[in-house]
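> I have a structure here, written as structure tokens, and I will follow up with some questions on it.
Read-outs: derived from the displayed coordinates by stated rules, not from any lab. Keep in mind that this is a model prediction, so the values were computed, not measured. Backbone-built Cβ (ideal geometry, glycine too); neighbour counts: all protein chains shown.
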Amino acid sequence: SYIVYSILNKHGLYDNVLDVTYGRGRFYYYKKPKFLVAADPKVWEWIVKPDIFIPRPVWALKPILQNIKLTFDVIVCDPPQWKKNTSYSRRDEYSYAIGSATLIINETIKLANQLGIEHMLLHYDKLLDNAIVVEDILFRYVARYLNNPELRVTHFTLYRISR
């Protein structure tokens, strides 16, 4: 959670945060933003309780957010990343409910453009093509409990989304 805080705070984007793949809210454990709006198709057991929670996938948020007329510094996206040949309980049902990582990322960018949000923080295993990178931090899971024998890396990348 320190990585998320440090990137966003460094760029002055930590006041009003919209997280469209909220999950348990672990990104905000180190320090909660001043105002945090979260969305996810499922209500998880939260680590950090958001100020507003919207139980919807990213592609269903536009009408709700336009009606409450909030402005955001940044939109945060941490899509699930499943590797082939990996077994997850109820993976098919959950994937159907929330969509693929590519779909979620594309819908996040679309929503950001519709709401006038200029920055997106993305936690993903690769960089996006044709996107303006403001800052990128490579992260390697090394804790035993995360079962990362290949020592894979992911990116925490702040993008400027062109309108």
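> So, by mean Cβ neighbours within 10 angstrom, what's the order for 154-161, 53-60 with the highest one leading?
Averaged packing, sorted descending, gives the order 154-161, 53-60.
> Out of residues 5 or more away from R56 or on other chains, whose amide H comes under 5 Å of its own, with H placed 1.01 Å from N in the peptide plane?
So R56 has HN proximity to D40.
> Using amide H atoms built 1.01 Å from N in the peptide plane, name the residues 5+ places from H119, or on other chains, whose amide H lies under 5 Å from its own.
So H119 has HN proximity to I75, I161.
> Ok, one more. Please give the FRET efficiency for S6 paired with I47, using the beta carbon to beta carbon distance and R0 = 22 Å, rounded to the nearest 0.05.
In this case the efficiency is close to 0.75.
> 5 Å is the cut-off here: which amide hydrogens, built 1.01 Å from N in the peptide plane, fall below it relative to E135, excluding neighbours closer than 5 in sequence?
Residues meeting the amide H criterion: L158.
> Normalised by the residues of the range 7-82, what does the relative contact order come to in percent, with Cα pairs under 8 Å and at least six apart?
37 percent.
> What are the ³J(HN,Hα) couplings of the range 110-117, residue after residue, when phi is run through the Karplus curve with 6.51, -1.76, 1.60 and θ = phi - 60°? Round to Hz, x for glycine and proline.
Computed from phi, the couplings for the range 110-117 are 4, 4, 4, 5, 5, 9, x, 8 Hz.
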